[in-house]
Structures are given as C-alpha cells and as structure tokens.
Amino acid sequence: MTPGATIDAAFAGRLGGFDLDVAFTAPATGITAVFGQSGCGKTSVLRCVAGLTRLPGRLRVGGNVWQDDYSGMFLKPYRRPVGYVFQEASLFPHLSVRGNLTYGARRTTNGGANGLVFDDVVELLGIGPLLDRAPDALSGGERQRVAIGRALLARPSLLLMDEPLAALDRFAKEEILPYLEALQDTLALPVLYVSHDMSEVARLASHMIVLNKGRKVAEGEVGGVLERLDLHPATGRFEAGVIVSARVVNHDDDLKITHASLYGQPIDIPLVDAGPDHEIRLRIRARDVSLATERPKGISIRNVIAGTVAEINEEKNTAYAETLVDIGGARIRARITRASVRDLSLTPGSRVYALIKAITFDRRAYAGELR
Amino acid sequence: MLDFAELWSPIRLTIALATVTTVALLIIGTPIAWWLARSRSRFKEIVATVVALPLVLPPTVLGFYLLVALGPDGPGGMIAGLYGARSLAFTFEGLVIGSVFYSMPFVVQPIRNAFEAIGDRPFEVAATLRASPWDAFWSVALPLARPGFVTGAVLGFAHTVGEFGVVLMIGGNIPGETRVLSVAIYDYVETLQWTKAHILAGGMLVFAFVVIFSMTLLQRRFARAGK
C-alpha cells in the first residue's frame, strides 16, 4: 500500500434488530483499534470490511474500491486482499498446522504485499515445532498464533483482527501480545484491531475508533481519544485513563525501579527493560489517580506530579467527578468524588498534585515521541 | 449337488446394482444435500420432504409410479426409444433408476447433516484466505463432511441390496438382468428350494451384521478424530 493512503469506510444498515451507521478513516499504517463495549457493532464493521457481511455503504482501501453502492461495486470476500483473524482460531481441523498455514498462501495472487515467506512467519510467531501437529493438539495460544500466521501468509494488504485475544486466558494473552508487537515492528501492514479491552488497545494501537451502540463516538490518536472525559458510555469507567510518554533516566537494579522523567517531573516505575533516554509509553488509569492541593508528606505513593486542573466533569447522579490535569506537556485523568471537588474547592486553574497509585506501562520502548 | 453358478448370478447382479446406485447417488445426492444444508430458500423443506418420501411410502406405491414412468408411455420409454428399446421397465437400467429414488434419503440425509454440522465459520475463513466458494467446497466442505459421506454410501449400498418391493414392481424376475438377491430368495422359497434360500438368506444376515457393525466402529473412529 502506498504511504499516506487511508482506509475510508462508511456502512449503514440494519443487522438483526440493530442499527449500524459508521463512517471512519483509518491510516493505512500501524494498528487502528476499533473499540467499544460488546454489542456496539465493532465486529460487524470488521465483517463489512472483509465483505463477509454486506451492508449498504462504501469502502476504499489504499486507493482500491472494495465497495461502492453508487456503481454497484462489491468485491467478493475471496477477492479482497485481507487477512482475518477470528476470535476463535477457527483452524481447519482436517489440515495439519502446516496445511492451515499454506492454505491461503497457495491461493493468494497478492504478489509482494508484505513479502513474507513461510519461514519468516513461522520464525516470527515461534510455531516451528508445531508444523506437523493437528490443530486439536494445540493450546489456545498456539492455535491463535497459527491463525495469525495463516492470515499473514495469505499476503494481505490489510489485516483484520477480531478480538484475537478475547477467548484466551491471561497467560495465553501474555504469550501472544509480544508477537503482535513484533508484527508491528516487522511489517508495514495496516491492522484493524477490534477490542473491548482498553489495556490491549493502549498497548498495541496508535489510532483508535470508538463505537457505541452502532455509532462512532470518537476517532483519532489513542492518546488524544483517551484524554476525553465525555466517552464514558463507550469506554467504560473502570478502564478510563490516558497514555503518556516518559523518558528513561536510569535504573535502580537493587530496588527494581526505573527512574524516568515525565515532561521534566520525576516518576518511578517498576523496572523497565529500556536504556536511558528511551521513550516509554505509560498508561495511567483515572481511578488510580488522586488529587491533593498540597504536596503530601509521609505517604507510600511515590509518584506525585504537580499540575493544573484543566477540566472538571461532574457526573450527575453519581458520587464521582472526572478531572483532567495539565502536567505541562501532557494531561492525565483523575477520578475523584464530587465531595472532594467541593471540599478542596477545585476549579479549572487550581494548582494540584496528582498522586499516582499505579502505572501500567507498555514494555516496548518507542523510538519516536508520542503525542 | 448345488449349482453355485445359479446362486452367484443374483449375488453379482445385486452387487453391481448397489455399486452403480451408490455411485449415482453420491453424484446426484451431494449437490442436493449441499443445497438443503446451505440454502435459505423457502422451498427447501418441501424438496427435503420429497427426497424423504420413500422412507414412508410402501415400496409398491413407489414401484407402481416408477413402472408407469419407465414404461413405454412414460418419460423412461421415450428415453429407451432413443436407443431402440421399448421401455426401461424390466431392465437393469430401470432398476438403477428405481433404486436411486428408493435409497436417496439414506444417502442425502447423512451428507446434509454433515454439511450442516460444519457451520458458516470454516467457509468464512476459506473466503478470507482467497478460496472461491467452488474451491472451498472441494477443499473444506468435502473433507469435513467425510463421515457423512461414508455413512451415506454404506447406508445407500446396504439399503439397495435389501430392496424387494420396488424391484418386484419394476424389474420382475429376469435372471442376470433384474433377478436380484431378495427376489431370488423369494423365488426359492416359493418353489420350495429351501437349501438355496438358506444360503442366500444366511449370507444376507452376515452381510447386514458386518455393515452395521463396521459402521458403528467407523463412526466411533470419526468421533474420536473429530475431538
């Protein structure tokens, strides 16, 4: 796909008692998350892109029209250069792992879309020892890795992943995530990644589309979308948070802590495998952040970041308020009670200290800076 | 001394009839089973009912209509006229046509069930891996439905071997042409040739046992392999 190309999609129609009306533009590089609660229509969107479900609309991928209702154009699913990874691996039970991997490879006509050959994919996904096994002799995580390999070997121009980790337990998830990250680094292959798991999105995606009840409610860079306070119904309160980038300063191997700089302010995180001056991506959930008007003393929380309240969004009929705190360069979200807002007399512009109880960080070191 | 050549003739004829019928049914029955399994047409259950009719109809009723259809004034007679014959009734070809109708439900039903058990997902996967529907039929549907084909072929073969009423109606009792096992046994009993009847009937008993027993074993093997 040519650089700068995009995926332009618009689908609208009724699907089994459910109205879908979604239009979006995704970059043709990197992972774009299609995010939302279950039943929001995100899988339907992916199926429409693959052509497995047909809804009125249009779809253009990197300059090629796949669907256009004005001209009656609808490319049959088997003519679309996509790779599709389903939630359940759905390997062909009558074929060995090798037979599954080569099924699409033998049929593809998509010449050098990603130039991947069999050995590369097997190596990348670590499935060499499994090649002669039957699918039913594999673990859930192994099966899903084979399914990913099978999709890649069909040499797609666009990879579609429908919650590929959702059916797996936590250990299998952790087993696969590094492979997905490795894919990102190795292939210049755009990915649409359907998920309802904010931590997956934060870890993998650079761009995201948020759906709610069949409608798009937000679209943009992951960091920017996560900052927004108005997306609760779609993103869920529990996982709401922001992604910020920090720079590694040094490590304390004894205490297993990495000292980093968050836009000039010191921040400590559990030991990260990244050298000094590397950019790392941190996710801070709103519910893990408290606010204080003075710098607290005698407290176990190590990360206290000075900032200014930028926005306060009180949630009527609940005890809570969502706040956005500008820390000079980035903004973090804090979920506090409305009573605290009143007691501390917080208003936009108030000087505060954000007390961060927990930080999830993406293990991967980023070369470039994140906005 | 028994005349084994006389006994062998109906056995050979029966095996030939059952083999030709089974092959014909696999060729005709597979697209019907596929359509019944995958179509969303309103008419499909009507077609399924027509296919299943021989399960309920007395073989003489089916045989009667086939006799009319295959006779000189029916479509069968017209086809026979193309190569100078007068009728398809009382011929081996006529028996094959009758057996195809008679054994159709025993072949179509297991294959249809096997196709339905596959579900949509493998075909969606195949489509996203560039397989056209025709390609996916051969590379996914047929291999996955293999147990259904084995069951259908065995049942179709065995059921044709055991056919009596229809044969009697449309085939009569012409040695080497339409005199199959079941008719031969009936004939021997009628003419009090008990020894010959015993040999053929005992052979059928063993055959039936072997068929059902090996089917059970095969299905258990498939069930294990499918896990």
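The values are calculated or read from the model by the stated rules, or taken from the named source; none is laboratory data. It should be emphasised that the depicted structure is a prediction, and the values quoted were computed from it without experimental measurement. Backbone-built Cβ (ideal geometry, glycine too); neighbour counts: all protein chains shown.
Looking at segment A:259-275, can you tell me whether even one residue there is more than 23 Å from A:Ala202 (Cα to Cα), surrounded by fewer than 17 Cβ atoms within 10 Å (Cβ to Cβ) and free of Cβ contacts under 8 Å to residues at least 12 places away in the same chain?
no
Restricting to segment B:173-227, name every residue that is within 14 Å of chain A (Cβ to nearest Cβ), of a type outside the set (Lys, Arg) and exposed (fewer than 14 other Cβ atoms within 10 Å of the Cβ).
Those that are within 14 Å of chain A (Cβ to nearest Cβ), of a type outside the set (Lys, Arg) and exposed (fewer than 14 other Cβ atoms within 10 Å of the Cβ): B:Ala223, B:Ala225, B:Gly226.
Restrict the check to segment A:41-50 and report whether at least one residue is on the phi > 0 side of the Ramachandran plot, away from chain B (no Cβ under 11 Å) and in contact (Cβ under 8 Å) with a residue 24 or more places away in the chain. Let's see the steps before the verdict.
Step one: of segment A:41-50, the residues on the phi > 0 side of the Ramachandran plot are A:41.
After this cut, where a residue has to be away from chain B (no Cβ under 11 Å) as well, the list is A:41.
From what is left, the residues that are in contact (Cβ under 8 Å) with a residue 24 or more places away in the chain are A:41.
Within segment A:41-50, one or more residues are on the phi > 0 side of the Ramachandran plot, away from chain B (no Cβ under 11 Å) and in contact (Cβ under 8 Å) with a residue 24 or more places away in the chain.
Would you be able to tell me the number of residues in segment B:207-227 that are more than 20 Å from the chain's Cα centre (by Cα) and part of a helix (DSSP H, G or I)?
At the first step, the residues of segment B:207-227 found to be more than 20 Å from the chain's Cα centre (by Cα) are B:217, B:220-227.
Restricting the remaining residues to those that are part of a helix (DSSP H, G or I) gives B:217, B:220-225.
Count: 7.
Within segment A:267-292, can you find the residues that are under 26 Å from A:Met198 (Cα atoms) and either more than 26 Å from the chain's Cα centre (by Cα) or outside the structural domain of A:Thr308 (by TED's automatic domain parsing) (or both)?
A:Leu291
I'd like to know if segment B:190-197 contains one or more residues that are closer than 30 Å to A:Gly83 by Cβ, free of Cβ contacts under 8 Å to residues at least 40 places away in the same chain and of a type in the set (Asp, Glu).
The answer is no; no qualifying residue exists.
To keep it simple, each residue is scored yes or no on (1) farther than 25 Å from B:Trp134 by Cα; (2) outside any loop (DSSP other than H, G, I, E, B); (3) under 23 Å from the mean Cα position of the chain (by Cα).
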{"residue": "A:Arg58", "(1), (2), (3)": "yes, yes, no"}
{"residue": "A:Gln67", "(1), (2), (3)": "no, yes, no"}
{"residue": "A:Gly83", "(1), (2), (3)": "no, yes, yes"}
{"residue": "A:Glu88", "(1), (2), (3)": "no, no, yes"}
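For segment A:198-317, give me every one of the helices (runs of 4 or more DSSP H) that falls completely inside it and has 2 or more residues that are among the hydrophobic types (A, V, I, L, M, F, W, C).
Helices (runs of 4 or more DSSP H) meeting the threshold: A:198-204, A:222-227.
Is it the case that segment B:128-140 has a residue that's touching a residue at least 24 places away in the same chain (Cβ under 8 Å), within 14 Å of chain A (Cβ to nearest Cβ) and of a type outside the set (Lys, Arg)?
The answer is yes, given that some residue of segment B:128-140 is touching a residue at least 24 places away in the same chain (Cβ under 8 Å), within 14 Å of chain A (Cβ to nearest Cβ) and of a type outside the set (Lys, Arg).
Would you mind telling me which numbered condition in (1) within 22 Å of B:Pro54 (Cα to Cα); (2) more than 14 Å from chain A (Cβ to nearest Cβ) B:Gly148 fails?
(2)
Considering segment B:144-195 alone, what residues qualify as being of a type in the set (Gly, Ala, Ser) and more than 13 Å from the chain's Cα centre (by Cα)?
B:Ala145, B:Gly148, B:Gly165, B:Gly171, B:Gly172, B:Gly176, B:Ser182, B:Ala184
When you look at A:Leu124, is it touching a residue at least 12 places away in the same chain (Cβ under 8 Å) and within 12 Å of chain B (Cβ to nearest Cβ), yes or no?
Working: touching a residue at least 12 places away in the same chain (Cβ under 8 Å): yes; within 12 Å of chain B (Cβ to nearest Cβ): no.
No; evaluated as a whole, the condition is false for this residue.
For segment A:101-112, which positions are within 9 Å of chain B (Cβ to nearest Cβ), out of contact with any Gly (no Cβ under 8 Å at 6 or more places or on another chain) and either closer than 24 Å to A:Ile31 by Cβ or not in a loop (DSSP other than H, G, I, E, B) (or both)?
Matches in segment A:101-112: A:Tyr103, A:Ala105, A:Thr108, A:Asn110.
Exactly one condition in (1) in the same structural domain as A:Ser90 (by TED's automatic domain parsing); (2) part of a strand (DSSP E or B) is false for A:Ala172; which is it?
(2)
Select from segment B:98-126 the residues that are at the interface with another protein chain (Cβ under 9 Å from one of its Cβ atoms) and buried (at least 24 other Cβ atoms within 10 Å of the Cβ) and list them in ascending order.
Answer for segment B:98-126, where residues must be at the interface with another protein chain (Cβ under 9 Å from one of its Cβ atoms) and buried (at least 24 other Cβ atoms within 10 Å of the Cβ): B:Val125, B:Ala126.
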